[in-house]
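The values are calculated or read from the model by the stated rules, or taken from the named source; none is laboratory data. Keep in mind it's a predicted model, so treat the numbers as computed, not measured. Quick reminder, even Gly has a Cβ in these numbers, built from the backbone with ideal geometry, and neighbours come from all protein chains shown.
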Amino acid sequence: MSDNKQANITLYCAGSDLNGLKDKTLGIFGRNAIGAEGENDREFAIKLQDNTMVKFSVMAKPEVVMQQNAGMANFFGKAPMKSDAVKVAALQQISMFSAIIGITFPLTEDRNRTNAIIGGIYNTAKAITAFVLYPTMELFHPDGKLLISAKGDTDYTQYFPIMCRNMVMPNIPESEADKARAKKSNDILRAKGLPVPEGMPVSAYEEKSVIPEAETVIKRAVAIFAAAVKSEVYGSGEAEGAKEKVDELLGELAKRYGELDFLSKEEKAYIDNPNPSQQDINKFGWRYECCAMMLWALNMLELDEPDEICDAAQLGGIIWPNDMASMLEKASLRSKEELLDKQDVVHRYDWACIEAQIKKLELPEIQPEIVVEWHYALNWLTGVEGVTDWDKVPRKA
């Protein structure tokens, strides 16, 4: 084997503390290493006895990590696993990774050397609670067991995800109102007989939450509605004339609400696409539920529990007869307290849905598909993690 070939291994962290990673890794490599180079814990290298380098590069930007997690989950979602429960749990684990560490080192024909390096990498992964991904697209648990592969292989018959502590217990002080809200939400779940995430704090903190103005919420409702209308037309099964029909309907919306320049990038790309995929048709069609939540936030619609799909005609009965001026006149944005209360209980519903999938539990009180959309909309409405870009709203259950 040529000594100029590079091995690539990636660690996906489910732990929360990467401070001191360089020194920690050097200690783990022990006598196989001469020292560590690099000024910080984000870019460094472990120098081996043969003067070659094992290079570490850490990516912890939430937006980048979230995008990578989504791509990996989409890839492994196609794996033909025998156990749906293990697959769902593995995909949930992937969605919760908090940092990515790329590792490269030169390969030689010395197998003992390679095994020692891989051993050092695995021990590092174990120390920081990180999963090991090989280029063969096999993802290993920190304990060395195969969690999931592209072929659908796994060493698990039952699996429960490890949560990053920063995701469960963010470094934000909880107010008494936050604590009371979490308790009230858990009491609601308990009364419904749903799984309860004991000890899980709120995700939309009173101190950090910024609620958008009514006009911004109206524009968001209309943008969501526009994309969902296209899905309704294209999902009707009558492909002939679908584009013309959508153009006509959205033209009417533009007359009432302006040129729809407030569409998100994803929404605009979808609306401009004359041949959308069935996956996108479904995705934007389900977003009627997000539109319903926006209209609820504006006090223009009542919503009870996420147990029945919203009536698209009812939403249209609010949006079509109005324009921006009349919507602003009729709308009255709900209080921050009410929005936070709704967000927190739906956040816990989402957690309960995932828990139920993993453990094969029945949830007659709520529909997971609706919960997902409500959670997305409420995270935007309450500014979870400070995100205002609709296409990048975080959804951590």
**OP:** Hey, could you check the stretch 97-121 for residues that are buried (at least 20 other Cβ atoms within 10 Å of the Cβ) and not small (Gly, Ala, Ser) and say which is nearest to Gln158 (Cα to Cα)?
**Re:** Phe97
**OP:** Check whether at least one residue in the stretch 81-88 is without any contact (Cβ under 8 Å) to a residue 60 or more places away in the chain and of a type in the set (Lys, Arg), and report yes or no.
**Re:** no
Original post:
Only one of these conditions is not met by Gly316: (1) more than 22 Å from Lys268 (Cα to Cα); (2) in the same structural domain as Ala254 (by TED's automatic domain parsing); (3) in a helix (DSSP H, G or I); (4) not polar (S, T, N, Q). Which number is it?
Top reply: (1)
Subject >> the stretch 346-385: number of residues that are of a type in the set (A, V, I, L, M) and touching a Phe, Trp or Tyr at 6+ places or on another chain (Cβ under 6 Å) >> reply: 3
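Residue by residue, here is whether (1) under 30 Å from Val387 (Cα atoms); (2) of a type outside the set (Val, Ile, Thr); (3) in a strand (DSSP E or B) holds:
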position	(1), (2), (3)
Thr25	no, no, no
Phe75	yes, yes, no
Pro80	no, yes, no
Glu109	no, yes, no
Original post:
For the stretch 161-241, list the helices (runs of 4 or more DSSP H) that sit wholly inside it and hold at least 2 residues that are more than 25 Å from the chain's Cα centre (by Cα), at pLDDT below 95 and in the same structural domain as Glu362 (by TED's automatic domain parsing); which are they?
Top reply: 176-191
Original post:
Of the numbered conditions (1) touching an Asp or Glu at 6+ places or on another chain (Cβ under 9 Å); (2) buried (at least 19 other Cβ atoms within 10 Å of the Cβ); (3) in contact (Cβ under 8 Å) with a residue 60 or more places away in the chain, Asp307 satisfies every one except a single condition; which is it?
Top reply: (2)
Original post:
Within the set of pairs 6 or more residues apart or between chains, which connect a residue that is of a type in the set (Gly, Ala, Ser) inside the stretch 151-162 to a residue that is surrounded by 12 or more Cβ atoms within 10 Å (Cβ to Cβ) and assigned to a loop (DSSP other than H, G, I, E, B) with Cβ atoms less than 7 Å apart?
Top reply: Gly152/Ala79; Gly152/Met81
Original post:
Within the stretch 7-31, how many residues turn out to be among the polar types (S, T, N, Q) and at pLDDT 90 or above?
Top reply: 3
Subject >> Residue list for the stretch 348-391, filter: within 14 Å of Glu289 (Cα to Cα) and acidic (Asp, Glu) >> reply: Glu369, Glu373
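So that you can scan it fast, the table gives a plain yes or no per residue for (1) surrounded by 17 or more Cβ atoms within 10 Å (Cβ to Cβ); (2) hydrophobic (A, V, I, L, M, F, W, C):
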{"site": "Phe262", "(1), (2)": "yes, yes"}
{"site": "Lys268", "(1), (2)": "no, no"}
{"site": "Ile271", "(1), (2)": "yes, yes"}
{"site": "Pro276", "(1), (2)": "yes, no"}
{"site": "Gln279", "(1), (2)": "no, no"}
{"site": "Glu289", "(1), (2)": "yes, no"}
{"site": "Ala292", "(1), (2)": "yes, yes"}
{"site": "Ala297", "(1), (2)": "yes, yes"}
{"site": "Glu302", "(1), (2)": "no, no"}
Subject >> Any chance Leu361 is surrounded by fewer than 17 Cβ atoms within 10 Å (Cβ to Cβ), among the aliphatic types (A, V, I, L, M) and assigned by TED's automatic domain parsing to the domain that holds Pro201 >> reply: yes
**OP:** Look through the stretch 331-358, keep the residues that are out of contact with any Lys or Arg (no Cβ under 9 Å at 6 or more places or on another chain) and among the charged types (D, E, K, R), and return whichever of them is surrounded by the fewest Cβ atoms within 10 Å (Cβ to Cβ).
**Re:** Glu338
Subject >> Within the stretch 178-202, considering residues that are in contact (Cβ under 8 Å) with a residue 40 or more places away in the chain and of a type in the set (Gly, Ala, Ser), the one surrounded by the fewest Cβ atoms within 10 Å (Cβ to Cβ) >> reply: Gly193
